[in-house]
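Notes follow the structure.
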Amino acid sequence: MKNALVVSGGGSKGAFAVGAIERLREKKIKFDIVAGTSTGSLIAPLVVTDEIQFLRGVYTSVRTEDIIRKRTVFDILTHDSIYDSNPLWSLINTVITAERYQKIINSAVEMFITTVNLQKGGIEYWNQHTSGDGGGILDRTTLLRAILASACQPVLMPNVRIKEGGNQFTDGGVRECAPLSIAIDHGATDLYSIVLSPEKLEPSNETYVFIVKTFLRFLDLMLTEVTENDISKAVLYNQAIVYLDKLQKKAKKMLTTAQVYELFNDPKNPNPFSGKQLLNLYIIRPLEELPTSGLEFRPFEMSQMMVLGRKAAEDALKKGPLTV
Amino acid sequence: MIQSKFRRHSYNQSLKLIPFLTVVVMMFLSSCIETRFLEYPESHRLLNEIQKWPDEYYWNIETGVFSRVLGNSTVEQSKSLLTQMVQDWDAIVVLDTSEKLINYFQEHNLFPIAEAIQETLIANAEQESTGELNSWLQAKAIKVGLINAYDEIMKNTSG
């Protein structure tokens, strides 16, 4: 059995995830794999070090000005983003101390930080146990920059060069908001996925005039779509395994053992699901839209979102894994 | 007639400015500066908050009480509870252990506050890194968390 925790992106809505994780840990659920995108990548390291109360403290103490700084019109025209994310960079440096970095490196828990490589256009995961240049967290600076890149929404926040002079990276949510696939690829059997948006996006009565508001709405729509695709991939994975299992049982009744073996072990067409297990998939998400755009960090609202997260985790555990 | 000529002249002059302005804007746009992140960024406010305490445990107690008091009740309930607490503050501030604080809130029908403190202490039970709990500091952290919660709710509900 391998437990995986996957935390999606959503800025300050990450407080919902912190509440949910707290409840899961109170239920003695431990994680072997932790994967996060955007705000999820800020949460992941402290789940690996199992400092949930510290995480609660961080997510109820930070304010918007601790994450982003507004630029002047002149600065916007001459810079690569609408906001400056140097405050977030400073926060990440404060939270992920050299001591914590060492704990993460020494931990048996596999951690994955999801980013998108702007030059290559693909998703890149950063893991503390991967050696070499491709996604390997070789030092503290790489980890800090990977977290920053994963959390920087394109256009709103600057792109990040994780390695000096290397490619630029941005929020992993552009391509994968809930990084379920990396957890499945690493053998997760019980997958707890915390998604920070409800199943259906609520209609909006707002007239979109301001660029930032329009962009935030666009991000909401895009992230909802990306998240639903990520979840449906995991559901489809389960459906395929169930279907193949049924097919195999049926074939056993009609064919000889050798024929069945030949049918399901064709070297020319290898079975991609060979040796894979059915996933116990728990989706923990809010029932309604959370009361923030994700870019506003207000301790009061974040405290309330934590309670919603705790309740959603409790409900998801009671309901049991998603059935196919 | 002269006025109209003047207006037309200034209109024509303004039109001539458009290419100039376009060039200026294009210059701005094409000279985008990539944001640099400092190798040693300035100390974050949060670090000072944490360092107020001799151990991170007490910061966890402060923020834990703060978030539970605000999160466990509705806005109106939290406001009412915390307003009553502030009215009794002179009696509360002298209580120097968590037990005395919990008893006080239970005796004065401020049960959600007592529960928030109890939940915080339970959640942090295994996180005292020093292994030597200072009950005076623990009570102080609880009181700081409570007063921060009061300030926060007043800020959010005023006006």
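The values are calculated or read from the model by the stated rules, or taken from the named source; none is laboratory data. As the structure is a prediction and not an experimental result, all values here were calculated from the model. Here Cβ is always computed from backbone atoms with ideal geometry, including for glycine, and neighbour counts include all displayed protein chains.
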- Message: Being over 13 Å from the mean Cα position of the chain (by Cα) and either farther than 15 Å from residue B:80 by Cα or not in a helix (DSSP H, G or I) (or both) is the filter here; which residues of the stretch B:145-159 pass it?
- Response: B:158, B:159
- Message: Going by what's in this entry, would residue A:144 be described as away from chain B (no Cβ under 12 Å), hydrophobic (A, V, I, L, M, F, W, C) and surrounded by fewer than 23 Cβ atoms within 10 Å (Cβ to Cβ)?
- Response: no
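Yes or no, residue by residue, for (1) touching an Asp or Glu at 6+ places or on another chain (Cβ under 7 Å); (2) over 29 Å from residue A:68 (Cβ atoms):
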| site | (1), (2) |
| --- | --- |
| B:52 | no, no |
| B:55 | no, yes |
| B:64 | no, no |
| B:84 | no, yes |
| B:122 | no, yes |
| B:144 | yes, no |
- Taking the stretch B:45-69 and keeping residues at the interface with another protein chain (Cβ under 9 Å from one of its Cβ atoms) and hydrophobic (A, V, I, L, M, F, W, C) leaves B:46, B:47, B:50, B:59, B:61, B:66, B:69
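Yes/no matrix, rows are residues, columns are (1) of a type in the set (Gly, Ala, Ser); (2) over 30 Å from residue B:65 (Cα atoms):
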{"site": "A:215", "(1), (2)": "no, yes"}
{"site": "A:225", "(1), (2)": "no, yes"}
{"site": "A:232", "(1), (2)": "yes, yes"}
{"site": "A:254", "(1), (2)": "no, yes"}
{"site": "A:270", "(1), (2)": "no, yes"}
{"site": "A:281", "(1), (2)": "no, yes"}
{"site": "A:294", "(1), (2)": "yes, no"}
- Query: If you check A:164, A:124, A:110, which single one turns out to be of a type outside the set (S, T, N, Q) and free of Cβ contacts under 8 Å to residues at least 24 places away in the same chain?
  - Reply: A:164
- Task: Determine whether the stretch A:19-28 contains at least one residue that is within 14 Å of chain B (Cβ to nearest Cβ), part of a helix (DSSP H, G or I) and free of Cβ contacts under 8 Å to residues at least 24 places away in the same chain.
- Result: yes
- Message: I'm trying to understand the selection: among the residues of the stretch A:58-80, which are touching a residue at least 60 places away in the same chain (Cβ under 8 Å) and over 23 Å from the mean Cα position of the chain (by Cα)?
- Response: A:79, A:80
- Query: Considering the stretch B:118-141 alone, what residues qualify as being assigned to a helix (DSSP H, G or I), within 14 Å of chain A (Cβ to nearest Cβ) and not polar (S, T, N, Q)?
  - Reply: B:119, B:121, B:122, B:123, B:141
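Answer yes or no as to whether residue B:114 is loosely packed, with under 15 Cβ neighbours inside 10 Å, over 21 Å from the mean Cα position of the chain (by Cα) and either away from chain A (no Cβ under 14 Å) or over 12 Å from residue B:85 (Cβ atoms) (or both).
On the way: loosely packed, with under 15 Cβ neighbours inside 10 Å: no; over 21 Å from the mean Cα position of the chain (by Cα): yes; either away from chain A (no Cβ under 14 Å) or over 12 Å from residue B:85 (Cβ atoms) (or both): yes.
Considered against the rule, which asks whether it is loosely packed, with under 15 Cβ neighbours inside 10 Å, over 21 Å from the mean Cα position of the chain (by Cα) and either away from chain A (no Cβ under 14 Å) or over 12 Å from residue B:85 (Cβ atoms) (or both), residue B:114 comes out as no.
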- In the stretch A:34-75, residue farthest from the other protein chains (Cβ to nearest Cβ) [restricted to those that are farther than 18 Å from residue A:106 by Cα and part of a loop (DSSP other than H, G, I, E, B)]: A:38
- Query: Taking residue B:101, is it buried (at least 17 other Cβ atoms within 10 Å of the Cβ), more than 14 Å from every other protein chain (Cβ to nearest Cβ), touching a Lys or Arg at 6+ places or on another chain (Cβ under 8 Å) and at negative phi?
  - Reply: yes
- Restricting the search to the stretch A:129-161, which residues are without any contact (Cβ under 8 Å) to a residue 60 or more places away in the chain and either at positive phi or hydrophobic (A, V, I, L, M, F, W, C) (or both)? A:132, A:135, A:137, A:138, A:144, A:149, A:160
- When you look at residue A:67, is it under 24 Å from residue A:161 (Cα atoms), buried (at least 16 other Cβ atoms within 10 Å of the Cβ) and among the β-branched types (Val, Ile, Thr), yes or no? yes
- Task: Could you please find all residues in the stretch B:43-66 being assigned to a helix (DSSP H, G or I) and without any contact (Cβ under 8 Å) to a residue 12 or more places away in the chain?
- Result: B:45, B:46, B:47, B:48, B:49, B:50, B:51
- Looking at (1) hydroxyl-bearing (Ser, Thr, Tyr); (2) part of a loop (DSSP other than H, G, I, E, B); (3) at pLDDT 95 or above, which is the only condition residue A:101 fails? (2)
- Task: Would you kindly identify the helices (runs of 4 or more DSSP H) lying entirely within the stretch A:208-324 that contain at least 2 residues that are touching a residue at least 40 places away in the same chain (Cβ under 8 Å) and surrounded by fewer than 14 Cβ atoms within 10 Å (Cβ to Cβ)?
- Result: A:211-254
- Checking residue A:131 against (1) in a loop (DSSP other than H, G, I, E, B); (2) within 20 Å of the chain's Cα centre (by Cα), which single condition isn't satisfied? (2)
- How many of the residues making up the stretch B:67-89 are in a loop (DSSP other than H, G, I, E, B), over 14 Å from residue B:117 (Cβ atoms) and polar (S, T, N, Q)? 1
- Message: Need the failing condition index for residue A:204 against (1) assigned to a loop (DSSP other than H, G, I, E, B); (2) modelled with pLDDT of 85 or more, just the number.
- Response: (2)
- Taking the stretch B:105-132, which residues are in contact (Cβ under 8 Å) with a residue 60 or more places away in the chain and out of contact with any Gly (no Cβ under 7 Å at 6 or more places or on another chain)? B:121, B:127, B:128, B:129, B:130
- Note on the structure: Of the listed residues (A:76, A:82, A:68), the one being among the hydrophobic types (A, V, I, L, M, F, W, C), closer than 17 Å to residue A:298 by Cα and modelled with pLDDT under 95 is A:68
